[in-house]
Structure formats: C-alpha cells, structure tokens
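Here is the structure we will look at, set down as structure tokens.
The values are calculated or read from the model by the stated rules, or taken from the named source; none is laboratory data. No experiment lies behind these values; they were computed from the predicted model shown. With ideal geometry, Cβ positions are generated from the backbone for all residues, glycine too; neighbour counts draw on all protein chains shown.
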Amino acid sequence: MLSSVRSLMTIYVGVLVIALGVGVVTPAIPLYARSLGASYVEVGLLGTFYSLTYIVLAVLSGWLSDHVGRKVVITGSAVLCGFAAFLYLISSSVISLFLARVVEGGAWCSFWSALEALVTELAWGRAGGAMGVCGMFYGVGYLIGSVLGGFLVSSYGFKATFLLYFCLSFMATVIFANVKARGMRSYAGVRELYGVEVLGGRHGAIALLTSYVLSFCLSILWIVMITLFPVYVEDLRVNAFWIGVLFGAFWLGHIVFFVFAGRLSDTFGRENVLIPSMACLSIASMLIVASSDFTILFIVNLIIGCGLGSAYPVAVALISDVTPSQRRGVMMGLFESLWGIGMLVGSTLGGWIAEFNVRGPYILCGVLCAVCTLTVVAYKLRTKSSTVQPS
C-alpha cells in the first residue's frame, strides 16, 4: 500500500511537469500556424493530423502497456513529447507543423492509455479519486503553463515556448523513469484482451458504452476549445496574453473539480456527477454563441473547465469499475481511441463550420453535450445499482 502511494506521488509530479510543458505550447500552436499564413481549415487540419495518430495508436499503446509494462510506455511517451517540441522549434512552415502534430499525437495517446490504467490499478478501489488527483496535477501544470505561454509569446516569441516544452519533456522523462511500480505483464490469455466480457454483466457493458460515448463527445468540445477557440478570440482583438488568461480560467475549473468530482463519484455514483457536468457543458457552449464580451468568455471558460474536469476522470473511473486489470490497458486505449476520433471530427468539421460561421462549432458542442446528458440519464435509469465495485 505504501509503495503504491509513493508511486502515485511520483506519477503526479511527472504529470505536473509534462502538463506545464503542454500548457505552455498548446495555445501557441494555432497562433503560430496563423502567423505562418494558415487558414481556419489548416488550423483545423493540425488537430486532424494529431487526432489520426491518436486514433491509430491508442488501442495499440494500451495493448503494449498490458504486455511490456505501464512505466515503459509512459516514459517513452515523454521522450516523444520532447521530440515533438524539437520539431516545433525547427519548424518554419505550416507543413512542418503537421509532422510535429503527428509525433505529439502518438506521444499523448500512449501516455494517457498507460497512465489511466496504472493510476486506477494503484488506487486500491478509489479510481475516481485517484484520477481526480492526477487530473488536478495536470490542471495545475496546464494552468500555469497556459498563462506562462501567453507571456512568452508576447515577450519573446513562439520559439521560447517550444524550447521550454522540450526542457520540461526531458524532466518528465527522468521522473517517470524513476517510478517505483511494476508495470502490468500479462502474456497469458492474450486472446481474452479482445473479448467483450466485462465485470457486472449487462451493467458493465452499458457502463462501457456510456463511457465511450462520453469520450467521443467530450473530445469534440475539447479540441474545439484548444484548437479553434484561441483563433476565435484573437479575431475579437484579444492579444496572446489575455488568450492565455482565458485558458487559465479553463484550467482553473479543471483543477477545482477534478479532485472533488472523482471523490464524489466514488461515494455517490458516477452518473450522479456526470449528469450535472454534461448539462453545464451544454449551457456554457451555447453562451459562447450568445456573447463575445471578454468577461462572459472568461466565465464560460471557467464553466467548461469545471465540466470537463468533472466528466473526464469519472468516465475513466467508470471503465475501471467494470474492466479486469489484465485487460485495462486495451480498454483505456479504446477510450482514448474514441477520444481521438472525436478530436478528428471536432477539428475537421469544426474548422469547416468556422469558415462559414465562427460560432457554429460551439453550437455543435452544445448539442452534443445535451445528447451526452440524456445518454447518462438513460444509463442511470437502466441500471439498478449506482456503481459496480472493481475486482
């Protein structure tokens, strides 16, 4: 038990460091692309290339973590983040940014598939709370990084953010390499990794389906906010620093709700947290359409951060509730693969919609989040018990 706690703390520190790096660079990427002459469609395609890699490699990386160990995959993903940072640093055209996005997509799908499986395995039956704490550290890093990134772009230019991302990725690699936890190894019964049997029978199958629907819809909102929203507010004559402040509000909401939502879902049930979270996301998305006032946009970013911070760790915990440990890497990989499909749809379709109506992508997100709310309500009504305890 003590060794698991120490391992989790090491993981949390590594997550904080690498989140600081990605927080610094993420708001800068679409702005850098625009400075190189990219259109809305090309900005959206940057997300498309990222998502395609995510889709293709997510299940494979989860399967790999089931066989060679979670630690190996997590550490390798941090190395790939450093390589992506290097590619951003030397890029001088929109085309060269596409390659960096492909590498980064492969890094992050591998990271999350293995990380989610490892954290829930070390959590001793408190998967929601453990993922919430992990998300809190990620949110703190991203919050600081997004504000710092806006400052660096305004003061020193885009290259400074890419260099810092490279250095932080190297630091995260060292931290993850020192995690004192044995990764999962399960060569026996490999064929069962692709079976459909889950814990809890019909309840478990419905829980998995609900989690995967959430992954798809949440990722569309996520990619629209990360990829298209910075350009949207820049066209409203908001400078890079204040764009960073908006992202800071976004991650402040994540930080506050990651921990509390996960722990509440462990006690009161996953669906009782998911329903209000998805409803708030639907309302907030529509508020972007209703107003272009900076104060309103700040509040909206805060609400969307709260909603995503609540829904994401609970959806991951829902999978851990009904998935045996030896299959968890693949099932988390499928969750991340659907996340990638959602990012592909959101970035590509959102980019095209924005060419005709810049508020259109947020209407789409509002409708999808409303659909997710109804999906979770249906899940609650069709299951007799609120949770299924992991084996």
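Tell me which residues, restricted to the range 246-279, are at pLDDT 90 or above and surrounded by 21 or more Cβ atoms within 10 Å (Cβ to Cβ).
Scanning the range 246-279 gives Val273, Leu274, Ser277, Met278.
Picking from Val345, Val358, Val376, Val371, which residue would you name as being touching a residue at least 24 places away in the same chain (Cβ under 8 Å), more than 14 Å from the chain's Cα centre (by Cα) and assigned to a loop (DSSP other than H, G, I, E, B)?
After ruling out the rest, the residue left standing is Val358.
I'd like to know if the range 264-280 contains one or more residues that are in contact with an Asp or Glu (Cβ under 7 Å, 6 or more places away or on another chain) and among the hydrophobic types (A, V, I, L, M, F, W, C).
No: the range 264-280 contains no residue that is in contact with an Asp or Glu (Cβ under 7 Å, 6 or more places away or on another chain) and among the hydrophobic types (A, V, I, L, M, F, W, C).
Matching residues to (1) modelled with pLDDT of 85 or more; (2) buried (at least 24 other Cβ atoms within 10 Å of the Cβ):
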{"position": "Ile29", "(1), (2)": "yes, yes"}
{"position": "Glu42", "(1), (2)": "no, no"}
{"position": "Thr53", "(1), (2)": "yes, no"}
{"position": "Leu57", "(1), (2)": "yes, no"}
{"position": "Lys71", "(1), (2)": "yes, no"}
{"position": "Gly82", "(1), (2)": "yes, no"}
{"position": "Val94", "(1), (2)": "yes, no"}
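Please determine, by comparing only the residues of the range 219-232 that are of a type in the set (A, V, I, L, M) and out of contact with any helix residue (DSSP H, G or I) (no Cβ under 6 Å at 6 or more places or on another chain), which one is surrounded by the fewest Cβ atoms within 10 Å (Cβ to Cβ).
Ile226
Would you pick out the residues in the range 13-27 that are crowded, with 20+ Cβ neighbours inside 10 Å and part of a helix (DSSP H, G or I)?
Those that are crowded, with 20+ Cβ neighbours inside 10 Å and part of a helix (DSSP H, G or I): Gly14, Val15, Leu16, Val17, Ile18, Ala19, Leu20, Gly21, Val22, Gly23, Val24, Val25.
Hey, among the residues in the range 288-334 that are hydroxyl-bearing (Ser, Thr, Tyr) and at pLDDT below 85, which one's surrounded by the fewest Cβ atoms within 10 Å (Cβ to Cβ)?
Going through the qualifying residues, I end up with Ser291.
From the list Gly262, Gly309, Gly329, Gly305, which residue is more than 25 Å from Ala207 (Cβ to Cβ) and either hydrophobic (A, V, I, L, M, F, W, C) or in a helix (DSSP H, G or I) (or both)?
Gly305
Looking at the range 81-97, which of its residues are farther than 16 Å from Thr26 by Cβ and in a helix (DSSP H, G or I)?
Phe83, Phe86, Ile90, Val94, Ile95, Ser96
Identify the residue in the range 158-199 that is in a loop (DSSP other than H, G, I, E, B) and hydrophobic (A, V, I, L, M, F, W, C) and, among all such residues, is modelled with the highest pLDDT.
Filtering the range 158-199 for residues that are in a loop (DSSP other than H, G, I, E, B) and hydrophobic (A, V, I, L, M, F, W, C), the one modelled with the highest pLDDT comes out as Val179.
Could you grab me the full set of residues in the range 237-283 that are without any contact (Cβ under 8 Å) to a residue 40 or more places away in the chain and of a type in the set (Gly, Ala, Ser)?
Correct list: Ser277 only.
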